[in-house]
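The values are calculated or read from the model by the stated rules, or taken from the named source; none is laboratory data. Note that the coordinates shown come from a computational prediction; the quantities given were computed from them, not determined experimentally. Cβ coordinates were reconstructed from backbone atoms using ideal geometry, including for glycine residues, and neighbour counts include every protein chain displayed.
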Amino acid sequence: MVKIIIKLLYIFIPILMIAIVAVDLLSFYSGITLSLISYLRECIIIGILFIWYQILKKKLHFDELSITQNLVRLAILIFLNFFITLILQMLLKPQYSSEFPPLYQTPSSIFMSTFMALTAAMTLVPAILILKQLIFYKRKRYTALFFNFFLVTVSLNAVAVFITKEPVGFFRFAPESMANDITLLLAIVSMFILSFRNEWITSLPRKKKLLYSGLGIPLYIAIVSLFDFSYRTPLPAYSLSIAALSYTMWAFLVLYGGIALLKLFFHLPTARVFDKKMRELSSLYDFGRMLNSETTSERLLPLVAKLTTKVLMSDSVWLLLSEENGEKFSLAARENLTESDVQLSPFSGMQGLNGAIAGKKAPVLVNDVSHNRQFRDLLKWKKNARTIIGAPLLGNRGKLIGIIYATKTKEYTFDVDDLSLLEGIANQAAIALENVKLLQESIERERLEQELKVARLRGGWRLLRFFFLCRREAGNHHWRRFG
């Protein structure tokens, strides 16, 4: 039933629009304007606009689109509005009277205003619906309340403008324009509050922030110029309600777009840090997922070294495992270490960095090895190890089971965040090693149990066979005596 009604509206709305154009042409040529027809015409226009809003709200599922997709559609709608107006101005060359509301001076003005009203409805209504999705991104408690308040005040302002026949947006607070000014002021207050609901900006990666900042400037210029270029005269001549609605929606786009553009610029200096954090979180997730998929230490340890090199973008990585006595370490995995580096490694005992990390059971960062008195001897072992970080692998009850190191060839190329990331990697690697150990012990225990079962079964068969052999020998002996 609902689908049938919507299909009928698709037919009925164009017929009403054509009828409005016919009435406007008749009034223009006859010079007769009836108040009743004027009110009826305005009610029809408002009704059509309301129906159009409801249809778009149900048909266009902007909530299913990503932020990028919604922004692209918003930009298309704005530029489409701008260029349609430009083409119509060039083709029709409309003329209007200077008073308010303006009157048609030529038949082309009627067609210009009609097309502009259609363009405004076709573009600004879906633009506000897209803006709603951006505002509702990570919505707060009263976001929906403020948005609905905005829609109510905008509607009341449109009705007030039509009744008073006073221009919107001047804040004269004269008796004849008091309703216009109060409703517009309330609408602007709600716009201002909603304009700071732009949490979607913080979730954008750095490249998109740069892209949107560059593209946002011409888009914002197009939005700002829409009122003087498109709406100031053609829309009030067609319908005061449409003009008021278009003005408030345009003002909302200007305010929200300006604050969003400023926030984009303010976030650009920290965008690289944000991207790094997101990359680190993603890397740790992938790191843990890949480690948990390995069931043997022979494959797990090289994977830890390889993934650590990739996540930290380090030049070399090596992983040490503690031996049984806990006083020595053996090299379990490495990345970008030569055989000479392995043979001359100073990381076999508890001296140096190993002792510092094992003593504190905490990660260590050496930003400049060459200027560090305690660890500068490491350059004799590896000349290009200018920055080094290390983190302990702690097992159950804080037992040290290993240490992981990473180096870079330039000073101060690791920071505290990298140290925390390496600590997270070490913790996940320690958990994965413990899981592998438990799995191997479980498999070994199960194997022993199976061997015991087989041994018991074989012992049972042997005992049973011995019993039957004894019975058979006893029977043979009995028959020999009887014979």
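Identify the residue in the stretch 393-419 that is touching a residue at least 24 places away in the same chain (Cβ under 8 Å) and part of a helix (DSSP H, G or I) and, among all such residues, is surrounded by the most Cβ atoms within 10 Å (Cβ to Cβ).
ASP418
If I filter the stretch 358-386 down to residues being crowded, with 17+ Cβ neighbours inside 10 Å and among the basic types (Lys, Arg), which single residue comes out as farthest from LEU421 (Cα to Cα)?
That would be LYS382.
Please go through the stretch 330-380 and give me each residue that is of a type in the set (D, E, K, R), touching a strand residue (DSSP E or B) at 6+ places or on another chain (Cβ under 8 Å) and under 22 Å from LEU433 (Cα atoms), ordered by number.
Those that are of a type in the set (D, E, K, R), touching a strand residue (DSSP E or B) at 6+ places or on another chain (Cβ under 8 Å) and under 22 Å from LEU433 (Cα atoms): ARG334, GLU335, LYS361.
Conditions tested, residue by residue: (1) assigned by TED's automatic domain parsing to the domain that holds SER113; (2) surrounded by 14 or more Cβ atoms within 10 Å (Cβ to Cβ); (3) within 30 Å of VAL159 (Cα to Cα); (4) not hydroxyl-bearing (Ser, Thr, Tyr).
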position	(1), (2), (3), (4)
SER190	yes, yes, yes, no
LEU194	yes, yes, yes, yes
ILE217	yes, no, no, yes
ILE223	yes, yes, yes, yes
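Quick one: PHE375 ticks every box in (1) at positive phi; (2) more than 39 Å from the chain's Cα centre (by Cα) bar one, so which box is it?
Single failed check for PHE375: (1).
Does ASN384 fit the bill of being assigned by TED's automatic domain parsing to the domain that holds LEU353 and over 23 Å from ASN336 (Cβ atoms)?
No: the conditions fail for ASN384.
Do we have any residue at all in the stretch 174-190 that's in a loop (DSSP other than H, G, I, E, B) and closer than 25 Å to ASP228 by Cβ?
Yes: the stretch 174-190 contains one or more residues that are in a loop (DSSP other than H, G, I, E, B) and closer than 25 Å to ASP228 by Cβ.
Filter the stretch 52-79 down to the residues that are exposed (fewer than 15 other Cβ atoms within 10 Å of the Cβ) and in contact with a helix residue (DSSP H, G or I) (Cβ under 8 Å, 6 or more places away or on another chain) and list them by number.
LYS57, ASP63, THR68
Could you check ASN435 against (1) crowded, with 21+ Cβ neighbours inside 10 Å; (2) not in a strand (DSSP E or B) and say which number it fails?
ASN435 satisfies all of (1) crowded, with 21+ Cβ neighbours inside 10 Å; (2) not in a strand (DSSP E or B) except (1).
Specify which of the listed residues (ALA333, ALA362) is at pLDDT 85 or above and either touching a Cys at 6+ places or on another chain (Cβ under 7 Å) or more than 21 Å from GLY398 (Cβ to Cβ) (or both).
ALA333
Kindly indicate which of GLN95, GLN133 is modelled with pLDDT of 85 or more and touching an Asp or Glu at 6+ places or on another chain (Cβ under 7 Å).
GLN133
Tell me the residue from GLY326, GLY398 that is within 16 Å of ALA426 (Cα to Cα), out of contact with any Phe, Trp or Tyr (no Cβ under 8 Å at 6 or more places or on another chain) and at pLDDT below 85, please.
GLY398
Give LEU25, LEU80 a once-over and let me know the one that is part of a helix (DSSP H, G or I) and either free of Cβ contacts under 8 Å to residues at least 60 places away in the same chain or in the same structural domain as ILE163 (by TED's automatic domain parsing) (or both).
Exactly one residue qualifies, and that residue is LEU80.
Just to verify a result, which residue in the stretch 152-198, among those that are among the aromatic types (Phe, Trp, Tyr) and in contact (Cβ under 8 Å) with a residue 40 or more places away in the chain, is farthest from GLU42 (Cα to Cα)? Give the steps one after another, and end with the answer.
First pass over the stretch 152-198, keeping only residues among the aromatic types (Phe, Trp, Tyr): 162, 170-171, 173, 192, 196.
This time we only want the ones that are in contact (Cβ under 8 Å) with a residue 40 or more places away in the chain, so: 162, 192, 196.
Details: PHE162: 8, PHE192: 29, PHE196: 34 Å.
Here the residue is PHE196.
Looking at (1) touching a residue at least 60 places away in the same chain (Cβ under 8 Å); (2) farther than 26 Å from PHE82 by Cβ, can you tell me which one ALA120 breaks?
(2)
May I ask you to list the residues in the stretch 84-96 that are touching a helix residue (DSSP H, G or I) at 6+ places or on another chain (Cβ under 9 Å) and part of a helix (DSSP H, G or I)?
ILE84, THR85, LEU86, LEU88, GLN89, LEU91, LEU92
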